[in-house]
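The values are calculated or read from the model by the stated rules, or taken from the named source; none is laboratory data. Nothing here was measured: the structure is a model prediction, and the numbers come from that model. Here the Cβ positions follow ideal geometry from the backbone for every residue, glycine too, while neighbour counts run over all protein chains shown.
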């Protein structure tokens, strides 16, 4: 007795030691989302586009500064003439000069400053677009994770169904051997087994497709996936969810920035009708030590441009109206998306409750039909039909549970909250301000440029 107890404890310890690493190595939904964020080419692409927008702000600022040019020019002149006797005379000359010039826009009635503001608003709009891309990346990872688990569960269900119908077929063959049923009943069981195997093959195909979608979304094929964790908390009402979406959704914020850009562009179009005052200073040095210094001011005012300036101004006004309407339409669409996501969530909740009742009824019916078939009051076809209804009910519940899980995250995404920070994934994220703060003053590759070089190197790695 003591030996049996010791062996039981040892076996339990061995099983626990074997199962623990497997559980620890299971890939969680959080792992999948983190991998998707780190491996996403789409995020890399849009982060690079954001850095390009940051450089646009630096370019706009640089245009407010003087432009200094250094020019060195060498001229070789060769001339052939003849004297009064008709004899050829050849002369040549090589001259070299150097000049240093500085040009600066002194007065442009706000053109340059407005261009800087437009560039800054474009940076902020691009940042909001990047947040929306982040939502898409994480949403795709969640979708892929849930679909792989669902496909695997369906495969397991189909495999169980194949085993069950195989047992039914063997039982039908045994009963046929003793004359309790006819050959028709056996053929029906054989037909159902073939159909069950076909359904299993289809389910395995769906699993393979889901694995490919997982690799595309996460960056690697799925391993041993852990059970789905609890879903995040949601607002208590549809209206509360809509209120959050209107305040936080990146698409609405991006549309707000675009409307601000359109307002600034109207002011820029007005400024383009006014004059500009530019200054130039230059220092020249020629051969022989001759120097020249110049200082000039130039006032430029367009008198007639064929109606182009007026057309540009009217176009800016029309684009402003379009941007404002686009902002309103974006708000309408986001509110609609929240409503649709909330409705889908309610539908999936009802679907789960319905499939629970369906499974209970189908299980009762299946158990009863099997017992009745043992006494000959039910046929093999009746048993197989009852078993198929139970199978369909269980598959339907698996799909309903998966849909409900995705619907919760769908509500979060429609609110603009499907982000690394809100989900508390606990990983460092891309800092959109780091690069901007480095380049916003338009540094050159000198002492301040060294920091920029380090940032670029870290991005490249």
If you check 96, 90, 81, which single one turns out to be touching a residue at least 24 places away in the same chain (Cβ under 8 Å), part of a strand (DSSP E or B) and in contact with a strand residue (DSSP E or B) (Cβ under 8 Å, 6 or more places away or on another chain)?
96
For segment 161-185: of the residues being in contact (Cβ under 8 Å) with a residue 60 or more places away in the chain and touching a helix residue (DSSP H, G or I) at 6+ places or on another chain (Cβ under 7 Å), which is farthest from residue 366 (Cα to Cα)?
181
Is at least one residue of segment 165-177 within 30 Å of residue 415 (Cα to Cα), part of a helix (DSSP H, G or I) and assigned by TED's automatic domain parsing to the domain that holds residue 270?
no
Is it true that residue 223 is in a loop (DSSP other than H, G, I, E, B) and in contact (Cβ under 8 Å) with a residue 40 or more places away in the chain?
yes
Tell me whether segment 262-274 contains one or more residues that are under 22 Å from residue 419 (Cβ atoms), in the same structural domain as residue 336 (by TED's automatic domain parsing) and either out of contact with any helix residue (DSSP H, G or I) (no Cβ under 6 Å at 6 or more places or on another chain) or crowded, with 16+ Cβ neighbours inside 10 Å (or both).
no
A careful count of residues in segment 423-446 that are part of a helix (DSSP H, G or I) and in contact (Cβ under 8 Å) with a residue 60 or more places away in the chain gives 5
Just to be sure I understand, how many residues within segment 150-169 are at pLDDT below 90 and more than 15 Å from residue 392 (Cα to Cα)?
3
Among residues of segment 276-312 being touching a strand residue (DSSP E or B) at 6+ places or on another chain (Cβ under 6 Å) and more than 24 Å from residue 104 (Cβ to Cβ), the residue surrounded by the most Cβ atoms within 10 Å (Cβ to Cβ) is 286
Looking at 369, 383, 338 in this structure, which one is touching a helix residue (DSSP H, G or I) at 6+ places or on another chain (Cβ under 8 Å), surrounded by 15 or more Cβ atoms within 10 Å (Cβ to Cβ) and over 30 Å from residue 159 (Cβ atoms)?
338
Across segment 286-321, which residue is modelled with the lowest pLDDT among those that are over 49 Å from the mean Cα position of the chain (by Cα) and assigned to a helix (DSSP H, G or I)?
288
What pairs can you find where one residue is in segment 370-386 and part of a loop (DSSP other than H, G, I, E, B), the other is surrounded by fewer than 16 Cβ atoms within 10 Å (Cβ to Cβ), and their Cβ atoms are less than 6 Å apart, with a gap of 6+ or different chains?
378/372
Would it be correct to say that residue 293 is farther than 30 Å from residue 127 by Cβ and out of contact with any helix residue (DSSP H, G or I) (no Cβ under 9 Å at 6 or more places or on another chain)?
yes
Is it true that some residue in segment 115-132 is within 30 Å of residue 229 (Cα to Cα), assigned by TED's automatic domain parsing to the domain that holds residue 374, touching a residue at least 24 places away in the same chain (Cβ under 8 Å) and touching a strand residue (DSSP E or B) at 6+ places or on another chain (Cβ under 7 Å)?
no
Would you confirm whether any residue within segment 188-207 is surrounded by fewer than 18 Cβ atoms within 10 Å (Cβ to Cβ), without any contact (Cβ under 8 Å) to a residue 24 or more places away in the chain, in the same structural domain as residue 155 (by TED's automatic domain parsing) and closer than 30 Å to residue 346 by Cβ?
no
